[in-house]
Amino acid sequence: MDLVFQYVVAGITYGTIYAIVAIGFNIIYNATGIINFAQGEFVMLGGMTAVTLSGFLPLPLAILGAVAVTLVVGAVIEIVFIRWLHNPSVLRMIIITIGISILARETALHIWGEGVRSLPYFTGTSETSINLGGVYISPQVLWAVGIGAVVVAALTAFFNYTLPGRQMRACSANRDAARLCGVNAKNMVTLSFMLSAAIGAIGGCVVCPITYVQYDSGTPLAIKGFTVAILGGLGNSTAAVGAGMLLGILESFSIWVLPAAYKEAVSIFLLLIILFVRPSGLFGSVEASKLKEF
Amino acid sequence: MRARYIPVVAFTTLIVAIQLATHFTDTGYHLTQLTMTAYYSLLVVGLCMLTGYAGQISIGHAGFFAIGGYFSAYLTTHNLLSQQETAFVSMMKKAGLLAVRPDLYGGEILNVHPWAACLAAILAAVVIAYLVGGPVLKLKGHYLAMATLGFGVIIYRIALGTEFLGAADGISDVPGFPIVSGVDIAGKASLRVVNYYAAWGLVIAGMVVLLNLIHSRVGRALASIHGAEDAAEAMGIPAARYKLHTFVLSAVFASVAGVFLTHYNGGIGPSEASVMKSVRYVAIVAIGGMANLWGALSMSLVLNYLSLRGYFGTYDDAVFGGILILIMLFAPDGLLRRHLLADLKRMVSGGAEGEAP
């Protein structure tokens, strides 16, 4: 029985990072209708930069620095590649963001090489664990889940109670109407890229001590994140958290029945089933999804 | 002679000219990469048919290439000698589907004949394409892209994680493919010129099939589906069936390419199924001009050749990523667009381009 809980804990750890990536997808999707296939690269970039910065900075500063760097990269990507396109087709946007993800990955390869890197544990070491009724939990897992919760709460507050947050929501609901009310829609799109890059970087830093980071760890995360975003219902960030936990736990238990090498395939298989059976997601409204452009 | 065959003749002349040029300058070693290029080009033109003409993106076509390659590689290397008394194997033996060949140490290997393996591989690709294509092609835009990408990743993971497919090492020691006696698809220096012509002959044959298809009723139906699917359906065109058949056709092209390149190289590894390979094929189709078979073919000839010769070095993937972005930013209709076709396309799909977010 304890083993079951241990799997659940592992699932929640991975589920947190999936949820964070999915939230990044949702922010950009809500503001622009674009699925940013390079979302996983923000996570990789955040982790990598933090590892490098932690070489000469204390850990909290290194993480802050990494988030700032990734945020700037997000802004640059939007300004260089997205901002000046007028009504690009969906196919074109898919191909552009895939191209961006390849470039980001290859740049990371040339900067950091093929090595696997990792941050130190925020508190304690890899051996430290907290015993909660027979289940051993690494303090880093608590950090990951805690920071994940803070991010979701902060994001909810941002979208509901701050002016830029509400402007962003207005742009996603009806861009023309928002512009008539004096909202600079283009800046809102840039802001959404910065926000989702920063959130991806935070996720990358938090799980880096447990899952390690490598130049090519972005793409699998993007696929998982997309799965979770769809599973929850595209655009719905609260649902993404639930869906993230669900996928994390499912994956973690899949090792019981299937060889570990197929773990990746499990989530993609789930994605395909969801796409075919209920593209509006588990928690999404079928009617609302019919109005969306894919 | 019909106008559509003029490029066929021109391209055939080019292929012969390249061979003659390498012959007289004694640079025949270039033909090895050019032969491999031909097989990748076969996949590219099939994908161009699907992406450009039927308007359905697939970021998983390396998966079909790998299905063809792995099926053929496994069947032609799996030793059946110990099972030759079983009813199934002896039945296959009587039907002439098995071949005996010496292994590296002089022993005997009994395995499926390459021709039978090739047919089995194509059949497998067709069945899988039907099973996957049915539900996948109901999706649009992001969802279609993600589903086909997902299909590619699943195939990659299976190739990478399955013991009897050699896991990360792949399958090696795949025998040559006998076309007629004396002509083998195999990477031997003595067969270099023969292989070059066999490979490009196959590509040109494939092109003729596709060109005829485009200029037929089917091609016009596909063009109308690409332009406005609802209108096409209203005219009585079964859009779903046409899309599925094009998907299966492009999967057949990919799997045939996989079968022959595997026999030519003598092996296959999981990297052939990687996402990056699929993206590369889409990139080449995009550069050629989405609905331009000759554009895709000539871009494939140039880029695959440069890549295989190692001209891009460690920047190989980055080059394709960069090309992809540049084309989509500045010339979404491709470099080699035919103006007439492009204008026509804009007239038909102009509305759709403007409405999408």
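Laid out as a table, the results:
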{"item": "For B:Ile59, residues with placed amide H under 5 Å, excluding near neighbours", "result": "B:Thr148, B:Leu149"}
{"item": "HN-Hα J in Hz across region A:77-90 - Karplus 6.51, -1.76, 1.60, θ = phi - 60°, x for Gly and Pro", "result": "4, 5, 5, 6, 9, 10, 3, 8, 7, 9, 6, x, 6, 4"}
{"item": "Other-chain or far-sequence residues with amide H under 5 Å of B:Gly267's (modelled H)", "result": "B:Val174"}
{"item": "Reciprocal mean inverse distance between Cα atoms of the protein assembly as shown - Kirkwood radius, Å", "result": "26.3"}
{"item": "Virtual spin-label span in nm between A:Leu132 and A:Leu59, 7 Å along Cα→Cβ", "result": "1.9"}
{"item": "Chain B: most fluctuating residue of B:Gln84, B:Gln56, B:Gln33 per GNM, C-alpha cutoff 10 Å", "result": "B:Gln84"}
{"item": "222 nm mean residue ellipticity, helices alone, for chain A (DSSP H n ≥ 4; -39,500 (n - 2.57); rounded to 500)", "result": "-24500 deg cm²/dmol"}
{"item": "Orientation-averaged projected area, Cα convex hull of chain B (nm²)", "result": "20.3"}
{"item": "Largest-first ellipsoid semi-axes for chain A, taking √(5λ) over the Cα gyration tensor eigenvalues, angstrom", "result": "30, 23, 18"}
{"item": "Cβ-Cβ FRET estimate between B:Asn79 and A:Ala260, R0 fixed at 30 Å, reported to 0.05", "result": "0.55"}
{"item": "Label-point gap, in nm, between B:Phe312 and B:Ala21 - each point 7 angstrom along Cα→Cβ", "result": "2.1"}
{"item": "Among A:Ala261, A:Ala201, A:Ala62, residue whose mean-square fluctuation peaks in a GNM of chain A (springs only between Cα atoms under 10 Å)", "result": "A:Ala261"}
{"item": "Positive-pole candidate from A:Asn87, A:Phe42, A:Leu64, dipole of region A:1-115, charges at beta carbon", "result": "A:Asn87"}
{"item": "C-alpha long axis of helix A:39-53 to longest principal axis of chain A, angle in °", "result": "60"}
{"item": "Förster radius 35 Å - calculated FRET efficiency between B:Ala228 and B:Val302, Cβ distance, rounded to 0.05", "result": "0.55"}
{"item": "At 0.890 mPa s and 25 °C, Stokes D of region A:1-98 from Kirkwood alpha-carbon radius, µm² per second", "result": "158"}
{"item": "Under-5 Å amide H pairs with B:Ala99, H placed in peptide plane, nonlocal only", "result": "B:Asn111, B:Val112, B:His113"}
{"item": "Region B:1-116 - Kirkwood radius from inverse mean 1/r over Cα pairs (Å)", "result": "18.4"}
{"item": "Spin-label model distance (nm) - A:Ser118 vs B:Phe88, 7 Å beyond Cα toward Cβ", "result": "4.5"}
{"item": "Where only alpha carbons of region B:261-308 are counted, the Rg and the Dmax (Å)", "result": "12.0, 34"}
{"item": "Under the Karplus curve 6.51 cos²θ - 1.76 cosθ + 1.60, θ = phi - 60°, whole-Hz ³J(HN,Hα) for region B:106-115, x wherever Gly or Pro sits", "result": "x, x, 10, 10, 10, 9, 5, 5, x, 4"}
{"item": "From the C-alpha gyration tensor of region B:208-311, square roots of 5λ in Å", "result": "30, 16, 13"}
{"item": "Cα gyration tensor category, rounded, prolate or oblate, for region B:84-170 with a/c compared to 1.5", "result": "prolate"}
{"item": "Chain B: most fluctuating residue of B:Ser250, B:Ser172, B:Ser216 per GNM, C-alpha cutoff 10 Å", "result": "B:Ser216"}
{"item": "Karplus (6.51, -1.76, 1.60) ³J(HN,Hα), θ = phi - 60°, over region B:167-177, in Hz, Gly and Pro reported as x", "result": "6, 5, 7, x, 10, 10, 6, 7, x, x, 10"}
{"item": "Net charge of neighbours whose Cβ lies under 11 Å from the Cβ of A:Thr219, counting Lys and Arg as +1 and Asp and Glu as -1", "result": "-1"}
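Since every read-out is calculated from the coordinates, none of them should be taken as a lab result. Quick caveat, the model's predicted, so the values are computed rather than measured. Neighbour counts run over all protein chains shown; Cβ positions are idealised from the backbone, glycine included.
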